[in-house]
Amino acid sequence: MKTLREWRSYNIFLLQAAAVFTALVIGPFACTATAQALLQIGLQAPEFALNGIDGRQVSLSQYAQDKAVVLVFWSTWSANSSRALKRMEDYYKKYGDKGVKVIGINADNQTISTDDLERIKGAVKDLGITFPVLLDKELKTFRSYDIIALPSTVVIVKGAIAYELPGLPLTGTEDLFDYLAELAGEPARKKAVSVYQPRHDAIADTSLGRKFVDKKQYAMAYPLFQKAIEKDPKYMRPYVQLARLYELDGKGVEAEETLKKALAAAPGNVVVMSELGYVQTRAGKVREALELLKNSAKDESYPPSRYYLAYALGMDGQLKEALALFERAITENPYASLAYQLRAEVYEKQGMKKEAAADYRKILELTLKIKS
């Protein structure tokens, strides 16, 4: 049983940790990586230069003349990573000489120890992987590509992101490999895989708007997001960014309306459904949020929907179900600070200060590693 002084110490820590987290991690936009995920089609692929497990450096730019580059982000602790790597190895053996290159990017830890390296090499050898496997030390590439789950696959064509798949969902994985087979020159196995490509000027406006937000020049960002939506109403990224900006300005009603307009333009879009459910939970509309989030969480292609749903369940008092979903989400991506933040809020609501404090400590640990 804790003394009054011990409980006060926990309360002080919780307040300090939450303040630091907000300032360092959330910043102007809460969970920007999540907001951008699955909305990156058409964006320029970030450059990287990483060392492989064989010690040789590999950069994205050295593949500029190839038809496409497939990046597979993975880890030894991710249950589905070995399946993803093996499936991609089969593809690489068949189509590696067709102009489609494959690169594995390991994201086991922020820093790679000698033991980590031996474990990674062992996994690659056991799986018979022959394409390059790189070490993402400090997880800079993981973050620059806004990876939200491991494994994740990103396809780059002509220097731009053309396709992305978080996790290894059954239907989504088959669609991915149909797309990759077509890239390699195979005839369509079924109805042509349609990959939406947003207008370039809408992408440019949205990217510029993001830069203004990063500089806290919000008045300059609003019209750019709005123009992007007008230019390409089917492009979801500016809707999400605009909603985030409204949230920042304390305009929760406008944020919700923006996401509802996005959902009307793209019915069933799992990202928008998830983001809208999250905004509604924040606004106290938990019952409405639960209906949306339960539907979006059925789609295995957007892992954050699970910790959004967990948060709504927790706010609704369904603690057991919430904690189980949080655990699954964090297993998929233990670097997702927002998952720990939302779970900490649920713990606080339930008076579980010790557990909340542990999650805030984890957030600070992640933050310090990112900033170092």
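The values are calculated or read from the model by the stated rules, or taken from the named source; none is laboratory data. Computed from a prediction, not measured in an experiment: that's the story for all the values here. We place every Cβ from the backbone using ideal geometry, glycine too, and count neighbours over all the protein chains shown.
Taking the options LEU135, LEU60, LEU85, name whichever one is under 24 Å from PRO46 (Cα atoms) and touching a helix residue (DSSP H, G or I) at 6+ places or on another chain (Cβ under 7 Å). Spell out the reasoning first.
Numbers: LEU135 fails: touching a helix residue (DSSP H, G or I) at 6+ places or on another chain (Cβ under 7 Å); LEU60 fails: touching a helix residue (DSSP H, G or I) at 6+ places or on another chain (Cβ under 7 Å).
Result of the check over LEU135, LEU60, LEU85: LEU85.
Take residues that are of a type in the set (Ser, Thr, Tyr) and tell me which of the helices (runs of 4 or more DSSP H) falling wholly in the range 257-372 contain 2 or more. Give the derivation first.
Details: elements: 270-282, 286-297, 304-315, 319-332, 337-349, 353-371.
The qualifying helices (runs of 4 or more DSSP H) are 270-282, 304-315, 337-349, 353-371.
Being outside any helix (DSSP H, G or I) and basic (Lys, Arg) narrows it down to one of LYS101, LYS121, so name that one. Lay out the reasoning, then the answer.
Working: LYS121 fails: outside any helix (DSSP H, G or I).
Answer to the selection: LYS101.
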Revision key, fill the gap. Every listed condition ((1) at pLDDT 95 or above; (2) more than 17 Å from LEU139 (Cα to Cα)) holds for ASN51 save (2)
Check your understanding: Is one or more of the residues making up the range 208-220 among the acidic types (Asp, Glu), within 20 Å of the chain's Cα centre (by Cα), surrounded by 13 or more Cβ atoms within 10 Å (Cβ to Cβ) and within 24 Å of LYS67 (Cβ to Cβ)?
Key -> no
**Study point:** Qualifying strands (runs of 3 or more DSSP E) (wholly inside the range 37-86; at least 3 residues being within 19 Å of the chain's Cα centre (by Cα))
**Key:** 68-74
Exercise for review: Please name all residue pairs, on different chains or six or more residues apart, with Cβ atoms under 8 Å, provided the first residue is in the range 105-125 and is under 25 Å from ALA336 (Cβ atoms) and touching a residue at least 40 places away in the same chain (Cβ under 8 Å) and the second residue is assigned to a helix (DSSP H, G or I) and aromatic (Phe, Trp, Tyr).
Suggested key: ILE105/PHE142; ALA107/PHE142
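Being in the same structural domain as VAL102 (by TED's automatic domain parsing), surrounded by fewer than 14 Cβ atoms within 10 Å (Cβ to Cβ) and within 22 Å of the chain's Cα centre (by Cα) narrows it down to one of LEU150, LEU139, LEU170, LEU176, so name that one.
Numbers: LEU150 fails: surrounded by fewer than 14 Cβ atoms within 10 Å (Cβ to Cβ); LEU139 fails: surrounded by fewer than 14 Cβ atoms within 10 Å (Cβ to Cβ); LEU176 fails: surrounded by fewer than 14 Cβ atoms within 10 Å (Cβ to Cβ).
It is LEU170.
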